[in-house]
Amino acid sequence: SLDVSKEAVSQWLSAKSFPRPNKLLQLGKLLGLSFDELVIKDDPFAPKVAFRKMKGTKTKDHHIEKAQEMGRFLRYLVPYLPFNTLEMPPVLKSPHCDYEYLQKVTAKVREDINLGPTDRVNFSHLIRRFGELQAVVVPVLWGSKQRHENAVHIYLPDSQSTWVYLNLDTNIHDFKFWMAHELGHCLSPSLEGDDAEDFADAFAGSLLFPHELAESAYFSIKAQPSTAAKIAHVISLAEHLMISPYTVLVQSNKYAQATQQSEIELSKTAFPGAVTNFNKKFKNLSEVLFGDAPLNEDGKPTARDYIAKAETNFETPFFELLRKYLKEQDKGAGFVQTVLDMPLLDARSIYTELT
């Protein structure tokens with residue numbers, strides 16, 4: 001009835017594999033069972049997922065189910081990981097969002113990536129730190145508006161491995177914040193749900209615009225003679241550090257809260273408009289990476305260019321893991337489609353390139 005093999009059903013029942021979402025839905029209808037009746041949710045080894053969502057979107061059950069399915073497929077790549085499996089990377093003992101605590105944590109992270117208290121954080125600093133934390137970065141082309149998420153963090157408890165999907169079709173300043181946000185997740189695997197998201201956001205802001213910069217910015221913004229001048233100054237500070245103007249304003253006001261001073265208030269219409277105009281001056285990261293590369297008939301980079309640029313710029317072992325697994329286990333393009341959550345046509349191109 002489900003149009004699958006007997007072996008597939010046998011593997012589901014013996015917990016060796018998990019039905020794809022469409023098959024799970026059909027199975028529930030066939031048996032007259034709800035999702036909660038059909039699936040055991042308290043699996044101690046179920047992949048833990050966190051989303052960096054598009055504005056205004058809500059995480060629903062089917063989003064979580066799809067990300068967990070990706071996590072189950074990622075398990076097959078774990079044996080090919082290049083990391084030292086005898087040692088665990090350092091994580092935070094009791095992560096929380098207290099201002100002083102965050103400043104100490106991010107100061108230590110800056111020191112670890114050879115940055116001074118006020119130096120600009122570049123992509124290379126963040127990429128290197130992901131590698132040191134044994135997290136696998138998976139750069140993806142998910143489009144700029146079509147998705148619920150712009151980043152997905154998947155932690156596999158059984159192998160204690162971390163996988164970070166980052167959407168390249170994103171404004172360059174937002175992308176840097178999301179990378180720092182995901183780094184916060186890597187350092188706080190003990191947190192879940194809203195606590196995890198709140199900490200990751202607070203960590204990212206503190207790392208990109210720490211206390212020393214926030215203190216200086218607070219007084220220099222306050223000193224501007226008008227609202228328009230204040231907004232222009234915030235934009236200038238953001239451009240210098242290649243971060244979002246929102247990060248500058250939020251961190252300056254967090255400094256104000258911590259030191260019991262009045263917060264900076266900017267126009268709720270003029271400031272967002274200025275940020276939108278600021279963002280328009282910069283290309284999406286995918287345009288920067290693939291701007292000179294030949295595109296296929298769908299306007300996307302070729303599979304070869306996508307893989308090469310992803311491996312070179314993000315120092316990720318992901319495609320090498322995928323390449324080894326596909327060849328050794330004789331798997332097809334369907335595996336690529338699921339693990340990268342992409343259309344089958346694109347998955348076939350990548351499969352052909354890897355094999």
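Just a yes or no: is a residue in the range 345-353 at pLDDT below 95, open to solvent by 60 Å² or more (accessible area, probe 1.4 Å) and outside any helix (DSSP H, G or I)? No, the range 345-353 has no match at all. What pairs come up if the first residue lies in the range 53-77 and is closer than 24 Å to T316 by Cβ, the second is part of a loop (DSSP other than H, G, I, E, B) and modelled with pLDDT under 75, and their beta carbons are under 7 Å apart, counting only those six or more places apart or on different chains? Close Cβ pairs (under 7 Å, with a partner that is part of a loop (DSSP other than H, G, I, E, B) and modelled with pLDDT under 75) amount to K53/T59; K53/H148; M54/R147; M54/H148; H63/H148.
Would a scan of the range 339-349 turn up a residue that is within 19 Å of the chain's Cα centre (by Cα) and among the hydroxyl-bearing types (S, T, Y)?
no
The condition (being open to solvent by less than 30 Å² (accessible area, probe 1.4 Å), touching a Gly at 6+ places or on another chain (Cβ under 9 Å), more than 23 Å from I264 (Cβ to Cβ) and modelled with pLDDT of 95 or more) is satisfied by just one residue among F203, F199: F199. One residue stands out in the range 153-196 among those that are of a type in the set (S, T, N, Q), in contact with a Lys or Arg (Cβ under 9 Å, 6 or more places away or on another chain) and under 28 Å from N84 (Cβ atoms): the one that is modelled with the lowest pLDDT, namely S190. Scanning the range 281-306 for residues that are in contact with an Asp or Glu (Cβ under 6 Å, 6 or more places away or on another chain) and outside any loop (DSSP other than H, G, I, E, B), we see that the one that is surrounded by the most Cβ atoms within 10 Å (Cβ to Cβ) is S286. Considering the conditions (1) buried (at least 17 other Cβ atoms within 10 Å of the Cβ); (2) closer than 24 Å to L156 by Cα, S94 is excluded by exactly one of them, (1). Being without any contact (Cβ under 8 Å) to a residue 24 or more places away in the chain, of a type in the set (G, A, S) and either farther than 21 Å from S244 by Cβ or open to solvent by 20 Å² or more (accessible area, probe 1.4 Å) (or both), is that true of even one residue in the range 138-156? No. Scanning the range 16-47 for residues that are in a loop (DSSP other than H, G, I, E, B) and small (G, A, S) yields S17, G32, S34, A46.
Of the residues making up the range 183-220, those that are in a helix (DSSP H, G or I) and over 14 Å from T106 (Cα atoms) are G193, D194, D195, A196, E197, D198, E215, S216, A217, Y218, F219, S220.
Among the residues of the range 245-258, are any over 29 Å from L133 (Cβ atoms), out of contact with any helix residue (DSSP H, G or I) (no Cβ under 6 Å at 6 or more places or on another chain) and in contact (Cβ under 8 Å) with a residue 40 or more places away in the chain? Checking the range 245-258: at least one residue is over 29 Å from L133 (Cβ atoms), out of contact with any helix residue (DSSP H, G or I) (no Cβ under 6 Å at 6 or more places or on another chain) and in contact (Cβ under 8 Å) with a residue 40 or more places away in the chain.
The values are calculated or read from the model by the stated rules, or taken from the named source; none is laboratory data. Fair warning: this is a prediction, and the values are worked out from it, not measured in the lab. Glycine gets a Cβ as well: all are built from the backbone with ideal geometry, and neighbour counts include every protein chain shown. Just so you know, the surface numbers come from the protein's heavy atoms only, side chains and all, with ligands and any DNA or RNA stripped out. Shrake-Rupley method; radii C 1.70, N 1.55, O 1.52, S 1.80 Å.
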